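Heads up: the structure comes next, in structure tokens.
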Amino acid sequence: MKVALSMVLGAVAVSLVGLFADDYLVEIVGMALLFGLFAASVDFSWGRTGVLTLGAALYFGIGAYFVAFGQRSGWDFFGSVCAGTVTSLAVAVIIGITALRVRASTIQFGLMTLVASLSAQQLAVSLYNVAGGSNGISGISKPILRVHRYVLDLGIGSRYFFLVNAIAFVGLAILRWLASGHFGRLSLCVRENDERVAAFGYDPKMVKLTSTMITAAVSSIAGALFVPFSGIAEPGLFAIRPNMLVLVWVAMGGQGTLVGPFVTAMLLQIVQFELGSQFEDVYLLLVGLVFVVSVRLSGGGGLAAVVARSWRHRIVPTL
Amino acid sequence: MNFWVATTLDAVTAIAVLALLSVGLYITYGLLRVINMAHGEMLTLGAYTVARLCKAGWPFAVAALAAGVLVGIFGALIERTVIRPLHARQDLSTLLATWGVGLVVTEGIRLVFGPSGEFVDAPLRGVLMLGAIPYPVFNVCLVATSALVLLAVFYLLAATPVGITVRATMENPRLATLRGINIVNVYRWGFAGGAALTGLAGALLAPISAVTPTMGVEYATLAFMVVIVGGLSVRPAANARHCFTVLRGSFVLAPFVAGATLVGGSRSVLNSLIGITPATLGMLGLVLLALFLRPNGLLGGK
Amino acid sequence: MCARHRTSSVTLALTVLVGALGCDRPNSTTIDRSAATKTQREITIGVLAPKSGFMSGHGNSIEMGARIAEAELNARGGINNAPVKVVTLDTTSEPSGAADRARELIQRFHVQLLIGTGTSASTLAVIPISTAARVPFIYSLDGECKTCTPGAPQRTSRYVWGSGFTERMAIRPMLQYLEGRFQKPSKRFRVYFIGGDYVYPRTTNAYARQVAEELGFVVVGNEYSDTSTRDYTPVIRRILTANPDLLIVTNPGASGVTFMRQALQLGLNGKVAISGFATFDQEAVDAMGSASEGVYCVNRYSNELQNAENTAFVATFRKSYPDKPLLPGPTAAGGAYGAILIAARAFEKAGSTDPDSFHASMQGLAMNLPQGHVVVDPANNIFQQPMYIMQIRAQKYHVVTDLGIQRHPDLEACSVQ
């Protein structure tokens, strides 16, 4: 109950941005919300189940490209989101079955997803007829929803932002709900000791696979909703940097907490948008430095752990 | 006939270059279990060092060795300040921290040396005509150096007391400690050594590539692919099955040579058959297929 | 229980933080807006400069050029007596960065004009944004000048201009010149095309190939390599076997440098005349070193040009940035400077910053800029301007021949739909 309440509170608070802030901030916070959802979804498999997905941007990018391509080809918005999600799920299943079929190490699985993401980048550049090549697909506008005779133009005012806001918090709530239920406890067990889980008659492979699929689906939805804000789907979505950044958010936010990565991703993204252009040429250098130092100083969970070390044992559910 | 000779030559060059590129990454991973995301940036550092030293009038060979030493020192520094404190943690903090290091190095190079890039002229210019096939003399050098470096690493790991210490630490750090091996020292020298080899590789590649602040990324991607395809795990089973140290040593090296062969060889052959872009996609396909068949790498064991 | 309690307090903290950010903003921007209305008419020009990432050399040049233009305009009393303010933001050389910064400039800084970006991908990302907001946007670098209307690719935009030269302006005279210079007697001229495997090299080379065939050349090769290619030996060997008279290289950035470095190893430079598009800018040439010796390229600007505007511009540049060795990108600083000056002239002619009056006064506007006499082509919004063939010797551009004023033949269709 409290979880639901806090989610509603969070959503309402962020909605204030849509009501009062200037257009630019609304867009920034909208994008930040989606990065937050993305980070939470990666945390679901990495932090909760211990399945490392180094190439999570693959799913984010697939979702983004499907919406961009769909809008260019006149598909229904909802249809393109679904198509992207289904494709992401299919890719996740293929990779998952491949790597989890036999006991590949966590790192090996992670690196495979990263290779898959980089391959997707190459593919997006090469397929210039379909995916626009290096230019990507730009000029994506906020969608117009059509249900029966009712037409809802999300491009007006902050409507699209409110939709995204709702979806991000509902998504986070669902992830938390899954994590707190039977499946969540099972995945924690798999993270701690999958052999023992197997001894209890569960199939740890299936738990890992399901967990990866949840990450893929949610990431893909986040990516799909992201494109109407950014206006462009480009091969850079699959590059190393977004893949690493999301891990950074999760590590800094505190693995396994879901809310931690969500908040961290959001705040860091907002800070980057607000301050990024003030440091300009040393910005990336600062990011690198801050990053090394924060990983180095914290006791294992990044920046958030520095703050949260005292109650870490309580926010990270243990068995 | 000529076609296949040329293709074989290109494949051999590609394999040699890739093996040289990834040996440092492989050592770092095999020994410390650290995925060094700053690998590409170490290559860049090596290339910039050689470019600057050559500009100052140093002979190429000396400058390349100096680049290796310098990057090795840099590696030791990173090991001491970033990796060692994080190493005890069984999570990804080292991966993430080295990514941060890489970002700092790239941006630092860009700020200090400018975004334009540098160039180094190869010490040897000229073309070797093998029948009707032109082959750059410098590539002969590259292949030879690569073979030499691999042999040296092989010899060191397989037939010297140092090698035994290193392999013992690779396979079981705890047991190694019990045997009185100072594993902190092994880690330090291992990481520095891997970095030095990477710096040397960067230096040697500098004459035939664009020396820019971001040059490392592309090469690092290939190196990672080599190491993944080859297989990361050092096989503990090798202990039981092969009683000869030499054989065991070769198991340390074989995975990434196999990886380089798959990645570089397939790309080169496909390149001459179906063109470059399809070859790249075909190579990626082969990598994924290889991983599908053997998820722990070609020689990674099941 | 405790866990849940903590979570809600984390969420609460988030609420407060984001709420604070959100509530803080509108106030500060309303202050900005009222301040802007008080001084009445400050003209803000937004510069999208790729100051980090792989185009960072160009980005810094673009900013320097824009700053010089700002100082010069303000020294003579601004535009329509309103002071000029240039706001530069970093696009990080990525299209998504360019799109974000364009939105920031428009929505936050309320700019009346956008200048810049480094690549056609970034330009394509900015066009829909500037068009939707009806903010004029002048692409200040060279290359594909996409000036179409989003949603109507065959119609010239009312809000987008291309101030650089396009390959289509240059290809025919350039090929003719090189044929005259390198054709072997009583033989048809043989050309080999290579390029990176993505949109720009493919479209550029396709057009060049078409022109080459019209001119009666023999196209002996045409191939594209993806940008991750690191070994060009097979390509170079194929070129040597085909034995062309001219090699056209369209591999912008690092891949072009890698290609040229390896071509040098195989002795290609001595055997074939080499030219290309977007491959031999100053940054690339710096990294190519001796491998760039003797290469021909076509350009709209060199700091060596002898005309009153350029002499003044180079002098100001040297004075403002004495520690910068030279204009880093060949056209980046001059291009941004020129684009702002001509836009200032258009604003003055219009007498306001209304985008439609701006559009009307840009039509056919003519002006002397550092690169020479420039006319804004009303048919396609691309600047007609003088072009030069240059040869690179010791990593410097030397004007070999003046091709005269060139015009872009038609509208370049956009992939923006």
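We did not get these values from a lab; they are worked out from the coordinates using the rules stated. Predicted model, so just to flag it, every value in this text is computed and none were measured. When we count neighbours, we look across all protein chains shown, and the Cβ atoms used for this are built from the backbone with ideal geometry, even at glycine.
Amide H to amide H, with H built 1.01 Å from N, residue C:396 comes under 5 Å of no residue 5 or more places away or on another chain. For residue B:38, neighbours were defined as the other residues whose beta-carbon sits under 13 Å from its Cβ, and their charges (Lys and Arg +1, Asp and Glu -1) total -3.
Adding -39500 (n - 2.57) for every DSSP H run of four residues or longer, then dividing by how many residues chain C holds, sets the calculated 222 nm ellipticity at -14500 deg cm²/dmol.
Within the shell defined by Cβ-Cβ distances under 9 Å, the residues around residue C:211 carry a net charge of +1, with Lys and Arg each +1 and Asp and Glu each -1. Here is what passes the span test in chain B: the DSSP H helices with alpha carbon length of 18 Å or more along the helix axis and a Kyte-Doolittle mean of 1.0 or above are B:2-32, B:60-78, B:93-113, B:137-159, B:183-205, B:215-230, B:245-260, B:276-293. Couplings for the stretch A:193-202, taken from phi via the Karplus curve 6.51 cos²θ - 1.76 cosθ + 1.60 with θ = phi - 60°, read 6, 6, 5, 5, 4, 4, 5, 7, x, 8 Hz in order; Gly and Pro are left as x. Over chain B, Cα pairs under 8 Å with separation of 6+ residues give a relative contact order of 32 percent.
Here's how it looks for residue C:149: its modeled amide H is under 5 Å from those of C:155, C:157, which are all 5 or more places away or on a different chain. Partner shielding of C:278-291 amounts to 4, given as the average count of beta-carbon atoms from other chains within 10 Å of each residue beta-carbon. Just to confirm a number: summing +1 for Lys and Arg and -1 for Asp and Glu over residues other than residue B:123 whose beta-carbon lies under 15 angstrom from that of residue B:123, what do you get? Spelling it out: positives minus negatives among the neighbours equals +2. Computed over chain C, relative contact order equals 17 percent, with contacts defined as Cα pairs under 8 Å that lie 6+ residues apart. Rounded to the nearest 500, what is chain A's calculated 222 nm mean residue ellipticity when only DSSP H runs of at least 4 contribute -39500 (n - 2.57) each, over all residues? Using -39500 (n - 2.57) per qualifying helix, the result is -24000 deg cm²/dmol.
The alpha carbons of the stretch A:131-265 stretch over 54, 37, 26 Å along the principal axes, in descending order. For the protein assembly as shown, the antiparallel share of DSSP beta bridges with both residues in that region comes to about 50%. Would you work out if chain B is rounded, prolate or oblate? Take a ≥ b ≥ c from the square roots of the eigenvalues of the alpha-carbon gyration tensor; rounded if a/c is under 1.5, else prolate when a/b is larger than b/c, oblate otherwise. Note, shape of chain B comes out oblate. The shape of chain A comes out rounded: with a ≥ b ≥ c from the C-alpha gyration tensor, a/c is under 1.5. Shape summary: the protein assembly as shown maps onto an equivalent ellipsoid whose semi-axes, from the alpha-carbon gyration tensor, are 45, 40, 25 Å in decreasing order. Under a model in which nothing but the beta-carbon of Lys, Arg (+1) and Asp, Glu (-1) is charged, the stretch C:261-417 shows a dipole of about 460 debye around its Cα centre.
Hey, which aspartates and glutamates would be in cross-link range of residue C:319, C-alpha to C-alpha under 18 Å, not counting anything within fewer than 8 residues on its own chain? Partners found: C:63, C:70, C:72, C:304, C:309. Evaluating 6.51 cos²θ - 1.76 cosθ + 1.60 at θ = phi - 60° for every residue in the stretch A:25-37, the Karplus couplings come out as 5, 4, 5, 4, 5, x, 5, 4, 4, 6, 5, x, 4 Hz, glycine and proline recorded as x. Per residue of B:26-37, other chain Cβ atoms within 10 Å of the residue Cβ number 1 on average.
Partners of residue C:51 within straight-line reach, counting lysines whose Cα lies under 20 Å from its Cα and excluding those fewer than 8 residues away in the same chain: C:85, C:324. Specify the inter-centroid distance of the stretch C:347-417 and the stretch C:253-289, based on alpha-carbon positions, in whole Å. Cα centroid to Cα centroid, the span is 27 Å. Sorting A:106-118, A:14-26, A:200-212, A:252-264 by average packing, meaning the other beta carbons within 10 Å per residue, from highest down gives A:252-264, A:106-118, A:14-26, A:200-212. Taking a ≥ b ≥ c as the square roots of the Cα gyration tensor eigenvalues, with a/c under 1.5 meaning rounded and otherwise prolate when a/b beats b/c, else oblate, which class fits the stretch C:188-228? Taking the square roots of the gyration eigenvalues as a ≥ b ≥ c, the stretch C:188-228 is oblate. Averaged over the residues of C:129-140, the number of partner chain Cβ atoms lying within 10 Å of the residue Cβ comes to 1. Highest mean packing first, where packing is the average number of other Cβ atoms within 10 Å per residue, the peptides B:190-197, B:275-282 line up as B:190-197, B:275-282.
Protection proxy ranking, highest mean first, for peptides C:99-105, B:70-76, C:182-188: C:99-105, B:70-76, C:182-188, where packing is the per-residue count of other beta-carbon atoms within 10 Å, averaged. Which of the helices in chain C meet the span-like rule: DSSP H, Cα axial reach of 15 Å or more, Kyte-Doolittle mean at least -0.5? Helices meeting the criterion: C:2-38, C:56-75, C:120-133, C:167-182, C:254-265, C:308-320, C:332-350.
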